[in-house]
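Asks: What follows is a structure written as structure tokens; I'll ask about it next.
The values are calculated or read from the model by the stated rules, or taken from the named source; none is laboratory data. Because the structure is a prediction, the values reported are computed rather than measured. Don't worry about glycine lacking a Cβ; one is built from the backbone with ideal geometry, like all the others, and counts go over all protein chains shown. Ligands, DNA and RNA are stripped out before the accessible areas are found, and what is left, the full protein with its side chains, is counted by its heavy atoms. Shrake-Rupley method; radii C 1.70, N 1.55, O 1.52, S 1.80 Å.
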Amino acid sequence: YNEYKSYLSMDTVDISKKCLVIPDQKGYDINMFNIPVKYSEFLDYILIPNGLVKDRTQKLAVDILSAEPLKECKQLVVLCVLKGGYKFCSELVDAMEQHISSSNIYLTIKVEFIRLKSYHNTESKGEVQVIGLSDLSCLTNKDVLIVEDIIDTGNTMRKTLSLLSTYKPNSVQCASLLLKRTPKSSGYIPDYIGFSCPDSFVVGYGLDYNEYFRDLPHIAVINEEGIKQFST
């Protein structure tokens, strides 16, 4: 049984060969983009425009379907991690379906929606609970793709992969729209990455701040005024 190449770390992989690296300097002027009025005063800058996100997602779809784990696969189970991953997952699955239709690929895609909950108690240190699937044994002997919006430290995904491995899936891969460059990182990197982004507070395209900004079409960096305005 394969212990998943997702356990590769940043120390052993040239990240620029796996994704587009967004530089640390300030991004695009928000005045150059169509921004909802309700958010226009609360963003510092646009980090990744919507069009670039969509183009990159289409390339990821092709990469995923062309990779070795899926060459003999007949059914792929996609686990969409809510809430932030829904928009990226929807675009990714649509792009995969389009590529399947236009290519000689015999593959069906089944989408399940899950949430990952970390918890601590007197007997464990940071275990992860998968909410949404009543019985994880349904993943036994299946090819699984986990779709996330952003990997921060990577700790939760490491534990999720470890948990899923106990149910003996045929393969498990992870696709994340963003991989944050943070000193808090555990070194984990997903199999498929849209963008490597700076250690900034990013919102939009499904990513939120206290449930706001999910409907922002671009990925942006929230400013201090926005953090104050939408704090709970």
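Asks: Filter segment 154-211 down to the residues that are aromatic (Phe, Trp, Tyr) and part of a loop (DSSP other than H, G, I, E, B), then identify the one that is surrounded by the fewest Cβ atoms within 10 Å (Cβ to Cβ). Give the steps one after another, and end with the answer.
Replies: Residues of segment 154-211 that are aromatic (Phe, Trp, Tyr), as a first pass: 167, 188, 192, 195, 201, 205, 209.
Then keep just the ones that are part of a loop (DSSP other than H, G, I, E, B); that gives 167, 201, 205.
Details: Tyr167: 16, Phe201: 14, Tyr205: 24.
Looking at residues that are aromatic (Phe, Trp, Tyr) and part of a loop (DSSP other than H, G, I, E, B), I get Phe201.
Asks: Can you tell which of Lys117, Lys125 is more than 26 Å from Leu20 (Cα to Cα), modelled with pLDDT under 90, basic (Lys, Arg) and part of a loop (DSSP other than H, G, I, E, B)? Don't jump to the end; show me each part of the working.
Replies: Details: Lys117 fails: part of a loop (DSSP other than H, G, I, E, B).
Result: Lys125 is the single residue among Lys117, Lys125 that is more than 26 Å from Leu20 (Cα to Cα), modelled with pLDDT under 90, basic (Lys, Arg) and part of a loop (DSSP other than H, G, I, E, B).
Asks: OK, next. Would you pick out the residues in segment 19-65 that are outside any strand (DSSP E or B), free of Cβ contacts under 8 Å to residues at least 40 places away in the same chain and over 19 Å from the mean Cα position of the chain (by Cα)?
Replies: Gln25, Lys26, Asp29, Asn31, Met32, Val37, Lys38, Ser40
Asks: Now for a separate question. Given the criterion hydrophobic (A, V, I, L, M, F, W, C), at pLDDT below 95 and in contact with a strand residue (DSSP E or B) (Cβ under 8 Å, 6 or more places away or on another chain), identify the matching residue among Leu161, Leu216, Leu178.
Replies: On the way: Leu216 fails: at pLDDT below 95; Leu178 fails: at pLDDT below 95.
Criteria check complete, one pass: Leu161.
Asks: Looking at segment 217-224, is at least one residue open to solvent by 20 Å² or more (accessible area, probe 1.4 Å) and not in a loop (DSSP other than H, G, I, E, B)?
Replies: Yes, segment 217-224 contains a residue that is open to solvent by 20 Å² or more (accessible area, probe 1.4 Å) and not in a loop (DSSP other than H, G, I, E, B).
Asks: Run Gly84 past the list (1) at pLDDT 90 or above; (2) more than 28 Å from Asn210 (Cα to Cα) and report the number of the one that doesn't hold.
Replies: (2)
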